[in-house]
Amino acid sequence: MKADVHPTYNTVVFNDLASGEKFLTRSTVSSAKTIEWEDGNTYPVIDVEISSASHPFYTGKQRIMDSAGRVEKFKNRYAKFGGGSK
């Protein structure tokens, strides 16, 4: 690897604002805001609006769309268009 070309890769804390969950991981992002972690060390903290702790796909709280009902509604609405048999 070339020297002084790659970004620094440090330990940071990601703070999910929606759920309040915090993740200690490594990243190239940095921040002036810091937090003291459970191990007693101080790390930069990055606030994120959504993460796997609060995203509906990962939490299992996603809504299931009624696609069959939507298709029937579409067919009923446009049944008169397009004519009959050819």
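The values are calculated or read from the model by the stated rules, or taken from the named source; none is laboratory data. Remember, predicted model here, so these are calculated numbers, not experimental data. Accessible surface is based on the protein model in full, side chains and every heavy atom, while ligands, DNA and RNA are left aside. Shrake-Rupley method; radii C 1.70, N 1.55, O 1.52, S 1.80 Å.
Things to note:
- Residue list for the stretch 19-54, restricted to those being open to solvent by less than 70 Å² (accessible area, probe 1.4 Å), in a loop (DSSP other than H, G, I, E, B) and not hydroxyl-bearing (Ser, Thr, Tyr): GLY20, VAL29, TRP37, GLY40, ALA53
- PHE74 vs. criteria open to solvent by less than 70 Å² (accessible area, probe 1.4 Å) and either at pLDDT 80 or above or in a strand (DSSP E or B) (or both): no
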